[in-house]
Amino acid sequence: EIVNANNIPSYEIVNAETSPNNEEHTPETQPNKRRKKKSIVWEHFTIEAVSAECRRACCKQCKQTFAYSTGSKVAGTSHLKRHIAKGACPALLRSLDPDQYGPYTPRSRGSGAGNTSNTPKRRYRTSGTPYMIFDQDRCRDEIARMIIMHDYPLHMVEHPGFVAFVQNLQPQFNMVTFNTIQGDCVATYLVEKQNLMKYFDELPGRVGLTLDMWTSSQSVGYVFITGHFVDSDWKLQRRILNVVMEPYPDSDSALSHAVSVCISDWNLEGRLFTITCNQPLTEVALENLRPLLSVKNPLIFNGQLLIGNCIARTLSNIAYDLLSSAHGVVNKIRESVKYVKSSESHEDKFLDLKQQLQVPSERSLFIDDQTKWNTTYQMLVAASELKEVFSCLDTSDPDYKGTPSFQDWKLVEILCTYLKPLYDAANILMTTTYP
């Protein structure tokens, strides 16, 4: 320190001669003169002179003022940073997405606990946009919804790769365990169920149910119950309502028990319109289901016309009957397609022959999924349009054996003729618009 005649350190004299705006003044005015402001807060505040000895910082968003300087004393900028960075400014919060901002707890560099005195200075080094406000509860809710939406395993929250990704994305997030996320998923389900129950209470019409029975390898049945209804805007809606376990899925009371559980869970007494099943029902099963409709819905044909088989299952049964009548030919076509698709060289040779023969078909060969009759139909149509190429492949490729005969292709054409109206009907009736 270099001390002057008045015993005042020289650096204090320099500080006393610098103004907030780094402007030069005459010796007569003697204002405070400070170095140029570099803090990020000055993007959100301006300096206003209240009097000759008092200046205040004014927020550009909400116009609230804060102490800045009185005489030669300067208040600093920490309280101004808190106003912007911690969501205290009401005008700034209104300009942000309310779903992305909530209570904010800063985190220290040394530990995961919140500590306002150790907030890293780098938080204030970015410019232009406000600081993201972290909400632990919302992050947990979003992870639960992600798992439900995409059918992810609950154990993914403990996978090292996922944990590392989340920690790098948001170090403040306290990673959840399997048991915690399981509880969060159940809590999400209960909230959504309560909302849907309130929605059903105000629903102007009735609800139709579709029943899908699935049997596990342990011969335990599960009945998936989906509700279909028209909302107040005349838009068709559907929701999965129940998954009911039935230890004896072949019993005549399995479906009626599942429907009774659904009615009780969702307070649908007197609200049912139709019940549609994905499998044929016995007369006893029908008689068990009918009272659930007729007793509670006496004005709708006493339930006589409102229980039926699923149209998808009906179309599938007809299609599989047709395909099974020509099983040998269908299998021969499938093996021919497999040969072409089994290697890249086979497929290239097939395409070369197609180009040489100038076959006009734009279809491509593919192997069907034997559990889906519509893919088998598409395979047969594509192969039938390329039958000349298969015939030529038989003479040019000695490894290709079992080519279909002329009679086989004729039978395939007949099959496709009968399958086409079923395929067209399925495309119309089985879209999401007509569930």
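The values are calculated or read from the model by the stated rules, or taken from the named source; none is laboratory data. What you are looking at is a predicted structure, and each value in this text was computed from that prediction instead of being measured. Counting neighbours? That spans all protein chains shown, and the Cβs are built from the backbone with ideal geometry, glycine included. Each accessible area value is taken on the protein alone, full model and side chains, heavy atoms only, with ligands, DNA and RNA left out. Shrake-Rupley method; radii C 1.70, N 1.55, O 1.52, S 1.80 Å.
What nm value, rounded to one decimal, do you get for the distance between residue 394 and residue 194 when each label is placed 7 Å out toward the C-beta?
Taking the simple label geometry, residue 394 and residue 194 are separated by 7.0 nm.
What ³J(HN,Hα) values, in whole Hz, does the Karplus curve 6.51 cos²θ - 1.76 cosθ + 1.60 give for region 323-331 when θ = phi - 60°, with x put for Gly and Pro?
Listing the rounded values in order: 5, 5, 5, 10, 4, x, 5, 4, 5 Hz.
Which trypsin sites (Lys or Arg not before Pro) does region 312-394 hold that lie in a coil by DSSP with at most 14 other beta carbons within 10 Å? If you can, show how the numbers build up before the last one.
On the way: sites: 313, 332, 334, 338, 341, 349, 354, 363, 372, 387; in loops: 363, 372.
Here the sparse-neighbourhood loop sites are 363, 372.
Which log10 I(q)/I(0) values does region 176-283 give at q = 0.18 Å⁻¹ under the Debye formula, counting every alpha carbon as one identical point scatterer?
Ignoring solvent entirely, the Cα scatterers give -0.96.
What's the long-distance tail for region 312-431, i.e. % of Cα pairs beyond 20 Å? It would help to have the intermediate numbers written out before the result.
Working: 2992 of 7140 pairs.
When all Cα pairs of region 312-431 are counted, 42 percent exceed 20 Å.
When the Karplus curve 6.51 cos²θ - 1.76 cosθ + 1.60 is applied with θ = phi - 60°, which whole-Hz ³J(HN,Hα) does each residue of region 46-61 get, with x for Gly and Pro?
Values, residue by residue: 10, 9, 10, 8, 7, 8, 5, 10, 9, 10, 10, 8, 10, 6, 5, 7 Hz.
Over region 312-431, what relative contact order in percent results from Cα pairs under 8 Å that are six or more residues apart? Present the calculation step by step, with values, prior to reporting the outcome.
Numbers: 93 pairs, mean separation 40.6, N = 120.
Computed value for region 312-431: 34 percent relative contact order.
Accessible area, 1.4 Å probe, largest first: how do 246, 362, 388, 344 sort? It would help to have the intermediate numbers written out before the result.
Working: 246 15, 362 165, 388 95, 344 145 Å².
Greatest to least solvent exposure: 362, 344, 388, 246.
Run the quick spin-label model on residue 342 and residue 320: label points 7 Å from Cα toward the beta carbon, then report their separation in nm to one decimal.
2.8
Using the Karplus curve 6.51 cos²θ - 1.76 cosθ + 1.60 with θ = phi - 60°, what ³J(HN,Hα) values do you get for each residue of region 234-243, in whole Hz, with x for Gly and Pro?
6, 10, 6, 10, 8, 9, 6, 9, 9, 10
As a test question: what accessible area, to the nearest 10 Å², does residue 366 have when a 1.4 Å probe is rolled over all protein chains in place?
Residue 366 has an accessible surface of roughly 70 Å² with all protein chains in place.
How large is the Rg to Rh ratio of region 136-190 when both quantities use alpha carbon positions and Rh follows Kirkwood? Numbers along the way, then the final one.
Details: Rg = 10.5 Å, Rh = 11.3 Å.
Using Cα coordinates only, the ratio equals 0.93.
Mind ranking 140, 239 by accessible surface for me, highest first, 1.4 Å probe? Please list the in-between numbers first.
Working: 140 70, 239 95 Å².
Sorted descending by solvent-accessible area, the residues read 239, 140.
Between residue 425 and residue 406, what is the label-to-label distance in nm when each label sits 7 Å out along the Cα-to-Cβ direction?
3.4
Please list the non-local residues whose amide H lies under 5 Å from the amide H of residue 272, H modeled 1.01 Å from N, same-chain partners needing a gap of 5 or more.
Residues meeting the amide H criterion: 207.
In region 206-282, which chymotrypsin sites (Phe, Trp or Tyr not before Pro) are in a loop and have at most 13 other Cβ atoms within 10 Å, using DSSP for the loop call?
Values: sites: 214, 222, 224, 229, 234, 266, 273; in loops: 234.
Those satisfying the criteria are 234.
Sequence-distant or interchain residues sharing an amide H contact under 5 Å with residue 241, placed H: which?
Long-range HN contacts for residue 241: 225, 226, 227.
Considering only DSSP states other than H, G, I, E and B, which GluC sites (Glu not before Pro) in region 145-244 qualify as loop sites with at most 12 other Cβ atoms within 10 Å?
Those that pass, being in a loop and sparsely packed, are 202.
Could you put 262, 392 in order of accessible surface area, largest first, with the 1.4 Å probe and the full protein assembly present? The partial results should precede the final answer.
On the way: 262 0, 392 40 Å².
Per-residue accessible area, sorted high to low, gives 392, 262.
Could you work out how much longer the chain between residue 152 and residue 54 gets when fully extended? Use 0.36 nm per residue separation minus the Cα distance between them, nm to one decimal. Intermediate values should be presented prior to the final figure.
On the way: separation 98, 0.36 × 98 = 35.28 nm, distance 6.08 nm.
Using 0.36 nm per residue and subtracting the Cα-Cα distance, I get 29.2 nm.
Can you give the Kirkwood hydrodynamic radius of region 42-87 from its Cα pairs, in Å with one decimal?
Values: mean 1/r = 0.0929 Å⁻¹.
Across region 42-87, the inverse of the average 1/r is 10.8 Å.
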